[in-house]
Amino acid sequence: MSHRLSPDIMSRETTVAICGNPNCGKTTLFNALTGLSQRVGNYPGVTVERTIGAFEVPGQIVRRFNLVDTPGSYSLSAFSPDEYIATRVLSGDIEGDARPDIILCVIDATNLERGLYLLFQVVKVGRPVVVALNMMDLAERHGTRIDTTRLGQLLPGIPIVPVVASREQGIDRLKAVIASIIPEQTPLPLNAYDEVVLRVASRLREVATDGNRTEAQWIRVLFDRGGPAEKSFLSAEGDGKRSVLEGYRSEVTARFGALSVGETRPLTERASQIAHEVISEAAVVRLTRSERVDRFLLHPLLGPLILLAVMVFMFQSVFSWAEPAMNLIDSQFGALGAYVSGLMADGPIRSLLVDGVIGGVGSVLVFLPQIIILFLFIAILEDSGYMPRAAFLVDRLFGWCGLSGKSFVPLLSSFACAVPGIMATRTIENRKLRIMTILVAPLMSCSARLPVYAIMIAAFIPHEAYLGIFNSRGLVLTGLYALGMVTAIIVAFILNRVIYHQERATFMMAMPSYTIPTPRSILIRITNRVKSFLERAGTVILAITIVIWALSYYPRSEALTPAFEARAETVRQVYATQGQAGSAAEQAELAALKDEQAGAYIRNSYFGRAGRLVAPAFEPLGWDWKITMATLASFPAREVIIATLGTIYNLGTEQDETSSPLTEKMRQARWESGPREGMPVFGPAVALSVMVFFALCAQCGATLVTIRHETGRWRYPVIAFVYMTGLAYLAAMATYQLFSRAGL
């Protein structure tokens, strides 16, 4: 197909919308066409993710094509958010987005009929369409040969380009074909719908006052009873047109026996007819490689065991592989903070830069290696075709509480960090299921909780062996991880029954053939995720860390400073008199005095005052004001509690879960007032109360910001924060009351 393009067309940018079934290789083809020239965001006004890229085609002049990805969908029947978005994007119905000049429909060559069904709907949008027949190599391995010439004859006006996106075969030709399309050209009429349907859709347009819809949209108004298209139509035309619409629907029902059959039967029959005419199968069809592999990976017994092994390996890798890089980032930010600190005099500006900006952003960026490794695994699992199998295997385990097999990887990922776990829910097409998964994902015990568990267990849980292989400390740690999982299942069950009413649908997912992921595609996926994460770290998360810094820094009591300076001067004079000025002992004593000063400042800060103010509310949990204050300070990031406790107990911020001085200080801590004055603050019951609170509470600003980003609304992080904090409070109180009465 060759056309002479006008200079006007050659000189302007062309928008190409790409669509296709899930797992048809659409993303791989998109990556092959655009490379790193991509950006990820949400469609205007909705939270469904979109990717926009660009490619250029050299000619007499270089033409630039902007490629817009649409969510994978099996049809344009607009009930799911993804399908509705796909329909709106193709029709140019999204505010701020131009109507696409060309539609690139990707069809899996190993499943031609399914792809043709969507194609028949897409051509009704009324834009020039190009078909990329992907995975031709796999089709041939299956013993399937497709006569693309004949296919082109049966799809008049639609160029057919065989490609193997994973190997970038056929990409140059596909670009050339797209460049040869005249956007204003009306495609030849390809019609698979029944005449009754087309006639009724035409009459529906004629009676409407707002006829500015594509033929594809009128068909959706006709068939999608109760769907967004019908609601949009009645909203514009008034509820009086409902009877008109139902009258037209009755004509289709009379013709086919049921409304939905009026669309599905003609399209499936036409798709089957074309496929039968262009496909020739090998005389002896052997099991494909994917089918042979699936004998093991989908085996009722072996399948779950292999999946468990894969997940354990991924989980372990996220922890162990990331640790060196995390330590490096942590040390680099520490060194940067020390360097900046050395350049500036003590004061609020230095504290803001060092403790607020550098320390705050560093505490978030330290998770970057975990995110990269996690998305490396997810990209490999998705591109290889294993992810749908994993979802299938786990689906039965999750089904009863309203979750799905697709929730499995995000929840498992949240054990490392809820941020990438929540981002991993992007693989869930169903919005209600995705929201439910997002709301329970933070209940998984992430790595940031581990320091809290470690120091509390080591200090206050006695080591007792059971059966020679178990011990009390290990069982407590296991119980804390199990607590998060069990609570997540219960919360999901309640959300499903009370709020979201997520009906249990039959789990249907096409199993794509296994493919070898390309480094290029994986690199692009990871790069996009890292960009998104860094953008948040540099904006909202930075703002939150600065606010938290201010609350823990101000007010700065002027009365404290002279007193500590006087004490420091006394120390220097004593050591100078003894002839030990500058000695290690003097430096240690001055450092201890500085830590004590920092503790006094933070106790006097807004956080310190808030801790004292709300302390009575936390006394039923067995906490004094110091634990309360440290807990409040750790709401932006729960691991902060260790450093905060170190500061409160005058040990400085350089404390971790292995700190013996901090453990000893906590053991020596006594109630300062009230009926328990003089009694030890910490004990097994208090330690368990603190750990249960941290296991269930939403103490992570990055997680809440990520929920906001992924859902597009603030109400979801608010819901997560409120229900998790309330749940944590009640569970911690019950834990303390139970174990303290038991004498622990």
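Accessible surface area normalised per residue over the chain is 45 Å², counting heavy atoms of protein chains with a 1.4 Å rolling probe. The Cβ shell under 13 Å around Ile160 holds other residues with a net charge of +1, Lys and Arg each +1, Asp and Glu each -1. The residues packed around Leu632, meaning those with a beta-carbon under 12 Å from its beta-carbon, carry a net charge of +4 if Lys and Arg are +1 and Asp and Glu are -1.
Spin-label model, Ala610 to Arg715: label points 7 Å out along the Cα-to-beta-carbon direction sit 2.6 nm apart.
Accessible surface of the chain, 1.4 Å probe: 59 percent of it comes from carbon and sulfur atoms. By the helix-only formula, in which each DSSP H run with n ≥ 4 contributes -39500 (n - 2.57) and the sum is divided by residues, the chain has a 222 nm mean residue ellipticity of -18500 deg cm²/dmol. Summarising the label geometry, the points placed 7 Å from Cα in the beta-carbon direction at Ala254 and Arg572 lie 10.1 nm from one another.
Among the listed pairs Lys594/Lys626; Lys26/Lys124; Lys241/Lys432, those with a Cα-Cα distance over 24 Å are Lys241/Lys432.
Here's the picture: charge each Lys and Arg Cβ at +1 and each Asp and Glu Cβ at -1 in the chain, and of Leu365, Ile349, Ala86 the one pushed furthest to the positive end of that dipole is Ala86. Each Lys or Arg adds one and each Asp or Glu takes one away; over the other residues whose Cβ falls under 13 Å from the Cβ of Ala568, this sums to -4.
Measuring only protein heavy atoms, the 1.4 Å probe finds Asp346 accessible over about 120 Å². Taking mean projected area of the Cα convex hull in nm² as calculated from this structure, the corresponding entry among (i) 33.2; (ii) 37.6; (iii) 41.2 is (iii).
The values are calculated or read from the model by the stated rules, or taken from the named source; none is laboratory data. Keep in mind it's a predicted model, so treat the numbers as computed, not measured. Every residue, glycine as well, gets a Cβ built from its backbone with ideal geometry; the counts of neighbours run over all protein chains shown. The accessibility values were calculated without ligands, DNA or RNA, using every heavy atom of the protein model including side chains. Shrake-Rupley method; radii C 1.70, N 1.55, O 1.52, S 1.80 Å.
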